[in-house]
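First comes the structure, then the notes that go with it.
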Amino acid sequence: MRLSLITKLTIATGVILLFFMALFAYMNVATIKSILLTSAISDADKLSETIIKSTHYEMLEDNRKRVYEMMEEVGTLHGVEHIRMINKSGFITFSTKKEEIGQYLDKNEVGCSMCHTGREVKVHVPMMNRSRIFTDRSGKKVVGLAKAIYNEKSCYTAPCHYHPAKQNILGVLDIIVSLEEMESFLSYFRHKIGILIVILIVIIASVITYFTHRLVNVPVRNLLAHTRKISSGNFDSYVPYSSNDEMGDLTDAFNKMSQSLKSARQELEEWGKNLERKVEERTREIKEIQNQLIRTEKLASLGQLVAGIAHEINNPLTGILMFANLVNKNPKLHDEIRSDINVIIAEANRCAKIIKGLLDFSRESIPQKKPSSLNVIMDDTLELVIHQAGFHNIKVSKDYAQDLPLINVDVNQIGQVILNMLINASQAMPGGGKIDIKTYAKDGYACLQISDTGIGIPEEHIDKIFDPFFTTKSSGTGMGLSVSYGIIERHGGKIEVQSKLGEGTTFIIKLPLS
């Protein structure tokens with residue numbers, strides 16, 4: 001027959017009157033124990049305060065020997081088991097157990113953790129919170145109390161003091177007192193009161209203990225333990241089926257709830273991960289598209305502008321250069337004037353070179369595409385520069401993907417881009433270095449990666465390097481990367497750059513496979 005939980009508790013309640021007798025005895029013992037324990041802790045606190053005040057002037061005079069002698073004498077008193085002094089850093093400066101002197105205590109040790117809770121250090125802690133009850137190695141039950149030694153004004157103004165005024169606590173005095181007398185008294189009291197009620201309480205306590213423990217305590221504590229596991233995130237916790245009553249129904253419902261929570265958390269975590277990944281991907285794609293649009297519009301506008309300017313400047317510049325050369329050929333020309341004319345010719349040639357770069361930049365020549373091997377284009381371009389003086393102290397390593405498909409590109413234009421990248425890499429390593437070249441296929445692109453061990457590009461300049469006329473070099477027009485960017489864009493590709501100042505730069509050219 002199934003009995004409800006209410007019925008079981010009603011049976012247990014029938015003997016509740018006798019239970020009050022046992023409860024009364026228990027409360028009396030607990031109250032006396034609490035009073036005696038509080039008294040013992042208070043005595044230990046007063047003893048600690050007495051030691052600190054008694055040794056105050058010796059501390060001001062830095063008479064450590066006398067301080068330690070006084071604490072050694074106090075340690076011999078009846079009931080005092082152990083005294084030790086710990087400084088701010090956890091270093092034991094004195095102990096009645098000589099083997100402890102010179103050791104360090106961790107902040108998580110029992111005597112320290114009362115004040116050091118997490119990152120917060122408590123300056124003032126109530127007396128009961130500073131106490132701890134435990135059994136020492138000899139089996140005695142003792143109470144320990146830690147008392148802070150504060151940095152009073154008379155301390156930090158003393159000429160011998162080593163600590164700044166802003167330091168609140170100089171150290172801790174830890175005293176351990178025996179509870180043997182208290183335990184003896186409690187044992188005597190329990191014995192006496194036990195004799196008075198033992199006959200009556202044995203039967204009643206047995207019945208109540210059985211019913212309470214069997215029917216309530218065990219299932220509730222078991223359920224509470226598993227509830228704590230779930231609250232800490234352990235949804236695999238399972239409560240064994242205990243009985244065929246309301247408690248059993250509660251256990252079954254609890255297990256179903258934990259499984260539902262586990263499934264919900266897994267779904268939520270998976271959904272969150274997917275959402276976060278998608279948001280990051282979309283944000284990155286939008287940012288890349290925005291940067292490409294801004295750069296494309298900027299290049300288009302500049303292309304139209306520089307084309308007109310270049311044509312307007314080119315004609316008078318040609319006249320200047322022609323007449324300067326004619327004047328320079330005059331044998332009667334004075335040397336000082338000839339020197340000035342050479343400067344004019346050199347600067348005019350420099351302007352002509354800049355104009356040529358502007359015209360190249362403004363011309364959006366249609367690529368003459370044909371199926372080509374990116375590896376072959378790279379090798380052919382490398383042969384053009386590898387024997388130049390700028391590459392003599394540079395080591396070149398190649399890592400080509402041999403199965404890289406052919407791509408439709410203008411060989412000359414792509415070679416021009418690669419040539420510009422190689423020259424930039426060599427100029428970034430005037431004292432020599434290493435260039436790593438790698439080809440591979442990824443995400444529908446044939447990729448060419450050129451890395452150097454040069455000086456690198458400052459982070460604030462990376463977004464500007466493809467802008468026309470932008471350069472960090474003492475020479476050059478700043479048009480090379482702009483032209484290269486335009487060529488790759490007209491091929492439907494991308495150029496990515498990664499750089500770290502002082503370590504080198506990597507350019508990645510991506511060209512569509514299809």
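The values are calculated or read from the model by the stated rules, or taken from the named source; none is laboratory data. Predicted model, so just to flag it, every value in this text is computed and none were measured. Using ideal geometry, Cβ is built from the backbone for each residue, glycine included, and neighbour counts are taken over all protein chains shown.
Criterion applied to Val409, Val376 was being surrounded by 17 or more Cβ atoms within 10 Å (Cβ to Cβ) and within 19 Å of Lys510 (Cα to Cα), and the one residue passing it is Val409. Considering every residue within segment 226-246, establish whether at least one is of a type in the set (Gly, Ala, Ser), at pLDDT below 80 and under 30 Å from Ser482 (Cβ atoms). No, there is no match, as no residue in segment 226-246 is of a type in the set (Gly, Ala, Ser), at pLDDT below 80 and under 30 Å from Ser482 (Cβ atoms).
A quick yes/no check of all residues on (1) outside the structural domain of Ser42 (by TED's automatic domain parsing); (2) over 40 Å from the mean Cα position of the chain (by Cα); (3) assigned to a loop (DSSP other than H, G, I, E, B):
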{"position": "Glu73", "(1), (2), (3)": "no, yes, no"}
{"position": "His78", "(1), (2), (3)": "no, yes, yes"}
{"position": "Ser89", "(1), (2), (3)": "no, no, yes"}
{"position": "Phe94", "(1), (2), (3)": "no, no, no"}
{"position": "Gly102", "(1), (2), (3)": "no, no, yes"}
{"position": "Asp106", "(1), (2), (3)": "no, no, yes"}
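Looking for something in the same structural domain as Leu36 (by TED's automatic domain parsing), of a type in the set (A, V, I, L, M, F, W, C), part of a loop (DSSP other than H, G, I, E, B) and modelled with pLDDT under 80 - is there at least one such residue anywhere in segment 138-161? Yes: one or more hits. Of all the listed residues (Lys88, Lys97), the sole one being in contact (Cβ under 8 Å) with a residue 12 or more places away in the chain and in contact with a Lys or Arg (Cβ under 8 Å, 6 or more places away or on another chain) is Lys97. Test Ala307 against the criterion of being farther than 17 Å from Ser484 by Cα, modelled with pLDDT of 80 or more and out of contact with any Gly (no Cβ under 8 Å at 6 or more places or on another chain), and give yes or no. It is false that Ala307 is farther than 17 Å from Ser484 by Cα, modelled with pLDDT of 80 or more and out of contact with any Gly (no Cβ under 8 Å at 6 or more places or on another chain).
Every residue, every condition in (1) modelled with pLDDT of 80 or more; (2) among the basic types (Lys, Arg), yes or no:
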residue	(1), (2)
Phe91	yes, no
Asn108	no, no
Val121	no, no
Arg132	yes, yes
Gln167	no, no
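Taking (1) within 53 Å of the chain's Cα centre (by Cα); (2) of a type in the set (S, T, N, Q); (3) at pLDDT 80 or above in turn, Thr209 satisfies each apart from (3).
Leu404 passes every criterion in (1) more than 18 Å from Gln449 (Cβ to Cβ); (2) part of a loop (DSSP other than H, G, I, E, B) apart from (1). Considering Ser39, Ser4, Ser34, the condition of being modelled with pLDDT of 80 or more, loosely packed, with under 13 Cβ neighbours inside 10 Å and in contact with a helix residue (DSSP H, G or I) (Cβ under 9 Å, 6 or more places away or on another chain) is satisfied by Ser39 alone. Part of a loop (DSSP other than H, G, I, E, B), on the phi > 0 side of the Ramachandran plot and either at pLDDT below 80 or not hydroxyl-bearing (Ser, Thr, Tyr) (or both) - does that describe any residue in segment 462-472? Checking segment 462-472: at least one residue is part of a loop (DSSP other than H, G, I, E, B), on the phi > 0 side of the Ramachandran plot and either at pLDDT below 80 or not hydroxyl-bearing (Ser, Thr, Tyr) (or both). Give me the residue from segment 340-371 that is under 30 Å from Asp436 (Cβ atoms) and either among the charged types (D, E, K, R) or crowded, with 16+ Cβ neighbours inside 10 Å (or both) and, out of that set, modelled with the lowest pLDDT. In this case the residue turns out to be Phe361.
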